[in-house]
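Have a look at the structure below before the remarks.
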Amino acid sequence: MRDPAPRRVVVENAHIVPVRGEEIPSGHLVIEGDRIAAIGPGPAPYVPEEAERIDGSGCLATPGLVNTHHHLYQWAAQGVTPDGTLFEWLVASYRLWARMDAEVVSGAATAGLAWLALSGCTTSSDHHYIFPKGRGDLFEAEIEAARAVGLRFHPCRGSMDRGASRGGLPPDEVVEDIDEILGATEEAVRKYHDPSFGSMLRVAVAPCSPFSVSGELMTRSAELARSLGVRLHTHGAETADEDEHCVEQFGVLPVDYLDRLGWLGPDVWLAHCVHLTDKDVRRFAETGTGVAHCPSSNGRLGAGIARISDLLAAGAPVGLGVDGAASSEMTPLAGEIRMAMLMQRARYGPRALTARQALETATLGGARCLGREAEIGSLEPGKLADVALWRLGGFHAAIDDPVVAFAYGATPPLARLLVGGRTVVDGGELRTVPGDAAARAGADAHRRLRTGDHV
């Protein structure tokens, strides 16, 4: 269903928020191929007849949103342990997740990525760390889903090698052998990772967490990633239970443990980071370590409120993530802008995080976490044409400031979503895969996983 990228697209009359640079109350964007060619006030100075013209009157133009943390397979496992802590929820979920196969992952990823696109997301990461044997190529299944939906994709080859018999949280049946993990991870990077400018697919190395991964795997994974020139991702400091586990098992808090293993640096981004000390905040800023902030998931699991305002003030990269749908049911990425802003204000006061700062975390901040700030995250000539247009008419028109209108209340309708100049969403409907088919794929994956009739 996807149309080829037109040679030129011109957006006019929109309120443009470049994120990096001055806002333009009524301006134009010129897109040539997959790049932004020009941006400025007023109408475009020249529009060739063959260009597609988009009237942005009454619309807010922002960079496409960047999702820095997800577990797409969990679309098939929503609603598990709705009132549990992280550890209670994980214990209840591991054996269910062990039933998944490539068909479950394909359906769940298709639904999850389609849902992200409909909430303004143009780039998404995913952290997949359970690989049951004999169930097909789960990693390839989610990559193919991303290609079909049309989003830039950063799949992270995750892993767990520390089961219950070795002091870890997951049952032994869902962990892998360390050499098997490293071999499969290297194969995934060599097969799929595309480091070129404008890449639609980049792979990261991502052991799951301190309570499910050995120190040896963490160290060897970092060595492997750096030898291959790819980024590193894991969970960190998500809950008080994790703090207690790390102190008991390793004698230090989670960030000190990661630091000891060589897991802080400009090529690393960590999910959650709710429980940070002042020293941790300073170390993140000093090392350039990124944070994927997932406010709805942290609230759903009762994990707490991350110190995002402090991290931003210190200069650390901060992006937003929806996290897996099983711990953040049906969460739209655009909605996390509002959630992040309100949570920071609830804890630190009304100036803790502004609407524009929250929007920046969802765009340029996320691009920094993924190492792509030179390509995406802001609207600038030469950058990739990943653009979201939001309609601010109707009820939203009662607010004069368009960014406040976008961030403070219900997310306005998505008028158009462009990924590299190609239309993925138009008028609130997907143009790459049928929306109803994507929804059915997710529901079928849920049924297949819950019933276990394929096992």
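Over all other residues within a Cβ to Cβ distance under 9 Å of Asn298, the charged ones net out to -1, with Lys and Arg as +1 and Asp and Glu as -1.
Here the Karplus relation 6.51 cos²θ - 1.76 cosθ + 1.60, evaluated at θ = phi - 60°, turns the backbone of the range 59-70 into coupling constants of 10, 9, 9, 10, x, x, 6, 10, 9, 9, 7, 7 Hz, with x for every Gly and Pro. Within the range 56-141, list the trypsin sites (Lys or Arg not before Pro) lying in a DSSP loop whose Cβ has at most 14 other Cβ atoms in a 10 Å radius. Qualifying residues, ordered by number: Lys133. Note on Lys383: aspartates and glutamates with a C-alpha under 20 Å away, same-chain residues under 8 apart excluded, are Glu12, Glu22, Glu23, Glu32, Asp34, Glu52, Asp194, Glu360, Glu373, Glu375. Cβ crowding within 10 Å, taken as a proxy for footprinting-reagent exposure, orders Arg157, Arg391 from fewest neighbours to most as Arg391, Arg157.
Mean projection of the Cα convex hull over all viewing directions, computed for the range 8-47: 2.6 nm². Taking a ≥ b ≥ c as the square roots of the eigenvalues of the alpha carbon gyration tensor, the range 76-197 is oblate, as a/c is not under 1.5 and a/b does not beat b/c. Only Lys, Arg, Asp and Glu carry charge here, each on its Cβ (+1 for the first two, -1 for the last two); on that basis the range 122-237 has a dipole of about 420 debye about its Cα centre. As an equivalent ellipsoid, the range 196-257 spans semi-axes of 27, 13, 8 angstrom, where each value is the square root of five times an eigenvalue of the C-alpha gyration tensor, largest first.
Per residue, the average separation of C-alpha pairs within less than 8 Å and at least 6 apart gives the range 65-369 a relative contact order of 20 percent.
The magnitude of the dipole of the range 330-455, with charges of +1 and -1 set on the Cβ of Lys/Arg and Asp/Glu and taken from the Cα centre, is near 300 debye.
Semi-axes of the equivalent ellipsoid for the range 404-446, please: Cα gyration tensor eigenvalues, times 5, square-rooted, ordered largest first, whole Å.
24, 17, 8
When the charge dipole of the chain is built from unit charges on Cβ atoms (+1 for Lys and Arg, -1 for Asp and Glu) and taken about the Cα centre, the candidate among Gln74, Ile399, Ser212 whose Cα reaches farthest toward its positive end is Ile399.
Remark: Ser165, Ser328, Ser159 ranked as Ser165, Ser328, Ser159, counting other beta-carbon atoms within 10 Å and listing the fewest first. With only the Cα atoms considered, the range 142-207 has a convex hull volume of 93 Å³ per residue. In the chain, a dipole from Cβ-located charges (positive for Lys and Arg, negative for Asp and Glu) runs towards its positive end, and of Ala441, Phe139, Thr123 it is Thr123 whose Cα lies farthest in that direction. Can you pull the percent of Cα pairs in the range 324-423 with separation above 23 Å? Summing the P(r) tail past 23 Å for the range 324-423 gives 33 percent. The string of couplings for the range 288-299 from the Karplus curve (6.51, -1.76, 1.60, θ = phi - 60°) is x, 6, x, 10, 9, 8, 10, x, 5, 5, 4, x Hz, one whole number per residue in order, with x for Gly and Pro. Sorted from largest to smallest, which semi-axis lengths in Å does the alpha carbon gyration tensor of the range 121-277 give for its equivalent ellipsoid, taking the root of 5 times each eigenvalue? Working through the eigenvalues yields semi-axes of 26, 18, 14 Å. About the centre of its Cα atoms, the chain shows a dipole size close to 580 debye [charges on the beta carbon of Lys, Arg (+1) and Asp, Glu (-1) only; nearest 20 debye]. Across the range 88-93, rounded Karplus estimates of 3J(HN,Hα) from the backbone phi angles (6.51 cos²θ - 1.76 cosθ + 1.60, θ = phi - 60°) give 4, 5, 5, 4, 6, 9 Hz, Gly and Pro being marked x.
Exposure proxy shown here: for Met330, Met343, Met100, Met200, the number of other Cβ atoms within 10 Å sets the order, fewest to most, as Met330, Met200, Met343, Met100. For Leu270, the residues whose amide H sits under 5 Å from its own are Gly290, Val291, Ala292, ignoring neighbours fewer than 5 places away on the same chain, with H placed 1.01 Å from N. Taking every DSSP beta bridge that has both ends in the chain, the antiparallel portion is near 45%. Of all lysines in the structure, the ones whose alpha carbon falls short of 24 Å from that of Lys191, not counting any fewer than 8 places away in one chain, are Lys133.
Can you give the alpha-carbon Rg of the range 278-328 over 2.2 N^0.38 Å, where N counts its residues?
Relative to the 2.2 N^0.38 Å estimate, the range 278-328 comes out at 1.19.
Distance distribution note for the chain: the fraction of Cα pairs above 35 angstrom is 25%.
Throughout, read-outs are computed from the coordinates displayed, never taken from laboratory work. Quantities reported herein were computed from a predicted structural model and do not represent experimental measurements. Here Cβ is always computed from backbone atoms with ideal geometry, including for glycine, and neighbour counts include all displayed protein chains.
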